[in-house]
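Please read the structure below before turning to the comments.
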Amino acid sequence: MNLVLLSNTASLEAMNALTFFIGNLSKDLLSLPVIYIASQPDSKRVYFTPIKTMYQQLGFKQVDYIELEDGFQANASTLLEKAGLIHLSGGDTYRFLNGLKQRGIDKQLRCLAEEGTVIVGVSAGAMIMTPSIDSAILCGDQNTVGLTDTRGLHLVSFLMVPHVSDPISNLSEIETFKLQSDNELLLCKDTDAVVINGNKQQTFGTPIWLK
């Protein structure tokens with residue numbers, strides 16, 4: 001699989017990770033569209049526009065936006081099939097996963113990832129790429145949408161906690177959570193990133209692994 005998991009995009013480490021990752025992929029990738037999936041409606045494109053600019057700076061010519069709620073595009077599935085890279089945005093993790101499941105896009109993303117489509121997840125988007133989003137509670141998310149199935153895309157074997165402070169402010173809470181989980185737990189500061197290219201995994205910054 002071709003995956004990037006980020007805590008935040010506004011760091012040198014994040015840009016280094018993306019630049020390194022994209023540089024090791026086919027140059028033809030840049031001619032394909034990036035599809036940005038919004039975690040919730042962004043009518044003024046406040047969150048989308050900086051990400052669009054970022055991908056354009058990385059060499060992509062086309063960056064398109066889709067959302068999962070009232071503004072859902074009927075051709076979203078087709079757009080995703082044609083994507084060279086799919087960006088899962090940050091935001092409310094429970095709301096985001098709930099929207100993906102209601103639209104059936106979670107299953108499509110899993111298939112596309114297995115076929116080699118590049119998927120970049122940021123914060124909530126990164127947690128959705130893991131076996132479950134249960135770790136979202138550790139960064140303050142609350143299940144206000146009543147999501148009962150918290151299973152993620154399971155593109156990686158570990159769970160993730162983004163936006164971890166340094167030093168870690170809620171370490172006891174994190175350790176308690178880990179005792180109840182069989183999965184490794186990846187703790188990422190906003191300057192950390194993990195890149196997976198096939199069977200190779202590389203970290204940027206200084207993420208912490210709790211086994």
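The values are calculated or read from the model by the stated rules, or taken from the named source; none is laboratory data. None of these values were measured; they are calculated from a predicted model. All Cβ positions, glycine included, derive from the backbone under ideal geometry; neighbour counts span all protein chains shown.
Here are the numbers:
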read-out: Pairs with Cβ under 9 Å, 6+ apart, first in region 170-186 and within 20 Å of ALA126 (Cα to Cα), second at pLDDT below 90 and of a type in the set (A, V, I, L, M); value: ILE174/ILE168
read-out: Residues of region 99-123 that turn out to be within 13 Å of the chain's Cα centre (by Cα) and part of a loop (DSSP other than H, G, I, E, B), as a count; value: 1
read-out: Residue, farthest from SER31 (Cα to Cα), within region 74-88, restricted to residues that are in contact with a strand residue (DSSP E or B) (Cβ under 7 Å, 6 or more places away or on another chain) and not in a strand (DSSP E or B); value: ALA76
read-out: Of the criteria (1) surrounded by 16 or more Cβ atoms within 10 Å (Cβ to Cβ); (2) out of contact with any strand residue (DSSP E or B) (no Cβ under 9 Å at 6 or more places or on another chain); (3) part of a helix (DSSP H, G or I), which one ALA126 fails; value: (2)
read-out: Per-region count, region 129-140, residues surrounded by 24 or more Cβ atoms within 10 Å (Cβ to Cβ), touching a Gly at 6+ places or on another chain (Cβ under 8 Å) and polar (S, T, N, Q); value: 1
read-out: Criterion: within 17 Å of SER123 (Cα to Cα), part of a loop (DSSP other than H, G, I, E, B) and in contact with a helix residue (DSSP H, G or I) (Cβ under 9 Å, 6 or more places away or on another chain) - qualifying residue of GLY59, GLY91; value: GLY91
read-out: Residue in region 4-12 that is assigned to a loop (DSSP other than H, G, I, E, B), farther than 14 Å from ILE119 by Cα and aliphatic (A, V, I, L, M) present; value: yes
read-out: Residue count for region 151-197, restricted to those that are among the small types (Gly, Ala, Ser) and surrounded by 18 or more Cβ atoms within 10 Å (Cβ to Cβ); value: 2
